[in-house]
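Below: one structure, written as structure tokens.
The values are calculated or read from the model by the stated rules, or taken from the named source; none is laboratory data. Bear in mind that the values here come from a model prediction, so they are computed numbers and not experimental data. Neighbour counts are summed over all protein chains in view; Cβ atoms, including those assigned to glycine, are modelled from backbone coordinates with ideal geometry.
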Amino acid sequence: MKAEITETGCRARKAAGLLANISTAVKNKALLKMAEVLVKESNHIIRENAQDLEYARDKGMSDAMIDRLTLNETAIKDMANGLVQIAALPDPVGEITGMRRRPNGLLVGKRRIPLGVIGIIYESRPNVTADAAALCLKSGNAIILRGGSEAINSNLAIARILQGVLKETDIPEGAIQIISTTDRDAVNELLKLDEYIDLIIPRGGEGLIRAIVSMSRIPVLKHYKGVCHILVDESADIEMAVAISLNAKAQRPGVCNAMETLLVHRNIAGRFLPAIAEKFREAGVTLKGCDRTRAILPDAEEATETDWYEEYLDLVLAVRVVDSIDEAMAHIEKYGSLHTEAIITSDYNNSQRFLNEVNSSTVLVNASTRFSDGFELGLGAEMGISTTKLHAFGPMGLEELTTTKFIIYGDGQIRI
């Protein structure tokens, strides 16, 4: 296995050197063809996905996690549309920025270049196979994909379709590779390949990500979990706040940008909480509240200290009544994960304070946390969401998969 994984890294490194100089037109043509073939092969992908779903149910995975795993015709069309969107986006590779003339006459600037080889280790969501491969292809990076055992059949089916398109182009086949074994030793070997791989991006549960960070010799771009908050300010429009809160919690509770804690200003709690509780009850959401929440909603379960830190990834929500925007922001600072926070308010000053003072990677005003997503933000798709600030913060698209190098034009200058 060690030899096989090392050879995978070597092929990726060679491919990255070639891919960095392939034209935008060639990359876009490949992406559009991949989108076309994914839709054409929908039935094959769905059959392979059915095997994974059977395995997931046998393993007792939650409904929310099975939802993330499921592929149908609509999901495959969305996957293909993501590739089409990526093809339509500007190519960041080769962009020249910040050219300036130094006093000695040197012209100094920066050119955007690919990172090189990206390794992505992910769980459950087979659409990541297509999204990550497409983003890396467009940004000039080679990619090594390693999905979880619960999605192995789906991931292999998608990856082989993408690889088949590469064979018809001038793009080296090593640009997109997938680790076909579910043996965990493969991950251990992959994380040792600092000679070949430039960046590891893990996508999955906190346990997976912490394990990768502890083992990797390669830089890791990560977020451990998504404890996302919504603050319903005292000036919020209640109808808007109900709609946004319901969407943020119940639309897809098993994803990292779903709301996990709802903060409600005391001056609106008596009117807002009964209204949203009725909607949550209809959606099957279990509420865990502070004492003031339970005084208004007696059916809510008691929230403990650990609930404020919890990423439920399920139809469970922690609710806290706060005295002020300051108390809400202090709560987010203490218990949050730097992922995504939103405020529902009609007060412009409060909206600006929230935007300025909340230090998470995505901050929204009067919109659902579910918009913290590369596709929704116009990135075409995303490699993941980073809650660290080196070198990217938030959803990672094409630009975040590149870096810059200095380029300098002279006419004979020497340093004195």
When restricted to GLY397, GLY378, the only residue touching a Leu at 6+ places or on another chain (Cβ under 6 Å), outside the structural domain of SER337 (by TED's automatic domain parsing) and either closer than 30 Å to ALA35 by Cα or not in a loop (DSSP other than H, G, I, E, B) (or both) is GLY397
Out of (1) assigned to a loop (DSSP other than H, G, I, E, B); (2) within 30 Å of CYS10 (Cα to Cα), the one GLY119 does not meet is (1)
Within segment 218-232, of all residues that are aliphatic (A, V, I, L, M) and farther than 20 Å from HIS391 by Cα, the one surrounded by the fewest Cβ atoms within 10 Å (Cβ to Cβ) is VAL227
In the set VAL93, VAL117, VAL108, VAL84, the lone residue that is closer than 25 Å to ALA20 by Cα, buried (at least 16 other Cβ atoms within 10 Å of the Cβ) and touching a Phe, Trp or Tyr at 6+ places or on another chain (Cβ under 7 Å) is VAL117
For segment 20-31, pairs from a residue that is among the β-branched types (Val, Ile, Thr) to a residue that is assigned to a loop (DSSP other than H, G, I, E, B), with Cβ under 8 Å and 6 or more apart or across chains, are ILE22/GLY140; ILE22/ASP170; ILE22/ILE171; THR24/ASP91; THR24/VAL93; VAL26/THR169; VAL26/ASP170; VAL26/ILE171
Of (1) within 30 Å of GLU4 (Cα to Cα); (2) of a type in the set (D, E, K, R); (3) in contact with a helix residue (DSSP H, G or I) (Cβ under 6 Å, 6 or more places away or on another chain); (4) at pLDDT below 95, GLU189 fails just (4)
**Request:** Would you confirm whether any residue within segment 194-217 is without any contact (Cβ under 8 Å) to a residue 60 or more places away in the chain, surrounded by fewer than 21 Cβ atoms within 10 Å (Cβ to Cβ) and not in a helix (DSSP H, G or I)?
**Result:** yes
(message) Quick check on segment 259-279. Is at least one of its residues within 30 Å of LEU190 (Cβ to Cβ), at pLDDT 95 or above and surrounded by 20 or more Cβ atoms within 10 Å (Cβ to Cβ)?
(response) no
Residues of segment 305-350 being of a type in the set (S, T, N, Q) and either touching a helix residue (DSSP H, G or I) at 6+ places or on another chain (Cβ under 7 Å) or free of Cβ contacts under 8 Å to residues at least 40 places away in the same chain (or both), in sequence order, are THR306, THR340, THR345, ASN349, ASN350
Note on segment 289-313: residues within 31 Å of the chain's Cα centre (by Cα), buried (at least 17 other Cβ atoms within 10 Å of the Cβ) and outside any loop (DSSP other than H, G, I, E, B) are GLY289, ASP307, TRP308
Taking first residues from segment 147-168 that are closer than 23 Å to ILE200 by Cα and not assigned by TED's automatic domain parsing to the domain that holds ALA30 and second residues anywhere that are of a type in the set (Asp, Glu) and buried (at least 20 other Cβ atoms within 10 Å of the Cβ), the pairs with Cβ under 8 Å that are 6 or more apart or on different chains are none
